[in-house]
């Protein structure tokens, strides 16, 4: 579960990125986070992954209180949150299989566990036949699916996708959104940050709109509610 | 730590060397160049010091024995002389022997045929460990009962002392500067190698790697590169040293006064310095460079 209560985040340069954000995303829920550039979306993601600490207010993510989390606990928080980025962030020198296995190695998984789990997630994202390829040999959509496989492989309770379709054409974007939807159906809490209004409208899910550091609308009314603001 | 995790981290460290071949090559080359300069300069200084020391030892102190003492008494003073801390060795010279030596220095020994050895005193020829302590040692010799006088070449000793002092200060300074410069250059190279990998480190952080897990392969890599650099530098240093010394010793002009110790005599301190510097640079270099990339 993700829970923000009256969260304020100020940066040392004096800008206030969040001005009192409260929101709650239940376990197994699917939500879109929308808002213009500079509205505070990235700050929310960085707070969830422990990259930043709130200036005031409380942030709870999967049982961790991030306003008082210790540095050495952060890796363990991150193992409960899989993150997918617009620019994929894959390791080009490793194969598709190794990119996914790497995420398991990092948390100390054994060889047998890796041999069982990696093919399963690669199949889940439709890359079961591309294990020996390198990321540079894949299309944009495939690279993003690989990034999703990596985010999923450690079975996190939450997936956060930051503009996952920003670099993809409409057809590939649709595929990725459907894949995230499927992952959510398997029980993973999913938060998708996006600008793509058409996709948000089609999937008809909860939309949290943020503007100028405040939540301006939150509900099933989709992108329109945010635009009316 | 589980064995398969440990062996994975080791393998990753070694793999990193080949994966980032150019940076590894650069780091090893810089380490070799820096260690080679430091190594050659220190072995040169070591040899110069020994040469000055040897010259120094030709400067002997003569202690004359009271003429009233008989042979046995004169010889017994030797143990008192050897007890003085700065005395490296003392040789008893009987007055007869002293006369022979004296006569031998002249072209016409027959002029001295009527001279009795009794006109001379028994004496000790003394070589000091450190000529910088000449005055104190001469005083200590004078204080020994049965020693009537002591003769020492003060000016010569002072000359050697000055040369040795200057050599010591200059060499310590130059080696220190060379070491600091080498460390800076090498740690910068390691930092560049690390910068090359910042994305990989960021991904590891993102998927929940602990700092220790991220650090270990880099430390293994730094250690291996440092040791490799040290090993290569050591080999080149050995070959260069032997080659140069061989050449110099063949030169007519140089062979009488330039004497070099064999490289095997330098082996211990050289291995210690090279391994120490290689380790320090590799491990400390990667440890400190990676720190800033871990703060994500």
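Structure above, values below:
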item	result
Subset of segment A:180-207 [without any contact (Cβ under 8 Å) to a residue 24 or more places away in the chain and assigned to a strand (DSSP E or B)]	none
Qualifying residue in segment A:15-31 (condition: surrounded by fewer than 16 Cβ atoms within 10 Å (Cβ to Cβ), away from chain B (no Cβ under 14 Å), without any contact (Cβ under 8 Å) to a residue 40 or more places away in the chain and under 17 Å from the mean Cα position of the chain (by Cα))	yes
Of all residues making up segment A:105-120, the number that are away from every other protein chain (no Cβ under 13 Å) and either crowded, with 20+ Cβ neighbours inside 10 Å or in contact with a strand residue (DSSP E or B) (Cβ under 9 Å, 6 or more places away or on another chain) (or both)	1
When residues of segment B:200-213 are limited to those that are in a helix (DSSP H, G or I) and within 7 Å of chain A (Cβ to nearest Cβ), the one farthest from the chain's Cα centre (by Cα)	B:206
Criterion violated by residue B:264 - all others in (1) at pLDDT below 80; (2) surrounded by fewer than 13 Cβ atoms within 10 Å (Cβ to Cβ); (3) in a helix (DSSP H, G or I) satisfied	(1)
Selection count where residues are farther than 13 Å from residue A:84 by Cβ and either touching a strand residue (DSSP E or B) at 6+ places or on another chain (Cβ under 6 Å) or at pLDDT 95 or above (or both), scope segment A:186-198	1
Subset of segment A:56-89 (residues that are more than 14 Å from chain B (Cβ to nearest Cβ), surrounded by 19 or more Cβ atoms within 10 Å (Cβ to Cβ) and assigned to a loop (DSSP other than H, G, I, E, B))	A:66
Identity of the residue in segment B:55-76, closer than 21 Å to residue B:134 by Cβ and modelled with pLDDT under 85, that ends up surrounded by the fewest Cβ atoms within 10 Å (Cβ to Cβ)	B:58
Residues that are surrounded by 18 or more Cβ atoms within 10 Å (Cβ to Cβ) and assigned to a loop (DSSP other than H, G, I, E, B), drawn from segment B:233-261	B:260
Residue that is modelled with the highest pLDDT [pool: residues in segment B:81-98 that are crowded, with 18+ Cβ neighbours inside 10 Å and part of a helix (DSSP H, G or I)]	B:81
Qualifying residue in segment A:5-12 (condition: surrounded by 17 or more Cβ atoms within 10 Å (Cβ to Cβ) and within 17 Å of the chain's Cα centre (by Cα))	no
Hits in segment A:34-55 - residues which are touching a residue at least 12 places away in the same chain (Cβ under 8 Å), in a loop (DSSP other than H, G, I, E, B) and either within 16 Å of the chain's Cα centre (by Cα) or more than 21 Å from residue A:166 (Cα to Cα) (or both)	A:35, A:40, A:49, A:50, A:52, A:53, A:54, A:55
Residue B:149, sole failed condition from (1) surrounded by 15 or more Cβ atoms within 10 Å (Cβ to Cβ); (2) part of a strand (DSSP E or B)	(1)
Residue match in segment B:64-76 (condition: closer than 17 Å to residue B:138 by Cα, in a strand (DSSP E or B) and not assigned by TED's automatic domain parsing to the domain that holds residue B:179)	yes
Residues being surrounded by fewer than 22 Cβ atoms within 10 Å (Cβ to Cβ) and either touching a strand residue (DSSP E or B) at 6+ places or on another chain (Cβ under 9 Å) or free of Cβ contacts under 8 Å to residues at least 12 places away in the same chain (or both) - total across segment A:90-104	1
Residue B:18 being at pLDDT 80 or above and in the same structural domain as residue B:268 (by TED's automatic domain parsing)	no
Single residue of B:174, B:166 found to be loosely packed, with under 12 Cβ neighbours inside 10 Å and either within 19 Å of residue B:44 (Cβ to Cβ) or out of contact with any helix residue (DSSP H, G or I) (no Cβ under 9 Å at 6 or more places or on another chain) (or both)	B:166
Matching residues, segment A:150-172, being modelled with pLDDT of 90 or more, over 16 Å from residue A:191 (Cα atoms) and either within 13 Å of the chain's Cα centre (by Cα) or not in a loop (DSSP other than H, G, I, E, B) (or both)	A:150
Residue match in segment B:225-232 (condition: assigned to a helix (DSSP H, G or I) and under 30 Å from residue A:109 (Cα atoms))	yes
Matching residues in segment A:125-149 - criterion: being part of a loop (DSSP other than H, G, I, E, B) and under 24 Å from residue A:202 (Cα atoms)	A:125, A:126
Residue match in segment B:183-190 (condition: within 14 Å of another protein chain (Cβ to nearest Cβ), surrounded by fewer than 21 Cβ atoms within 10 Å (Cβ to Cβ) and in contact with a helix residue (DSSP H, G or I) (Cβ under 9 Å, 6 or more places away or on another chain))	no
Number of the condition not met by residue B:121 [criteria: (1) farther than 13 Å from residue B:60 by Cα; (2) free of Cβ contacts under 8 Å to residues at least 40 places away in the same chain]	(2)
Failed item, numbered, when residue A:138 is tested on (1) within 14 Å of chain B (Cβ to nearest Cβ); (2) in contact (Cβ under 8 Å) with a residue 40 or more places away in the chain	(1)
Only one of B:265, B:249 that is away from chain A (no Cβ under 14 Å) and in contact with a helix residue (DSSP H, G or I) (Cβ under 6 Å, 6 or more places away or on another chain)	B:249
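The values are calculated or read from the model by the stated rules, or taken from the named source; none is laboratory data. What you see is a predicted model, and the numbers here were worked out from it, not measured in a lab. A quick note on method: Cβ atoms are made from the backbone with ideal geometry, for glycine too, and the neighbour counts reach across all protein chains shown.
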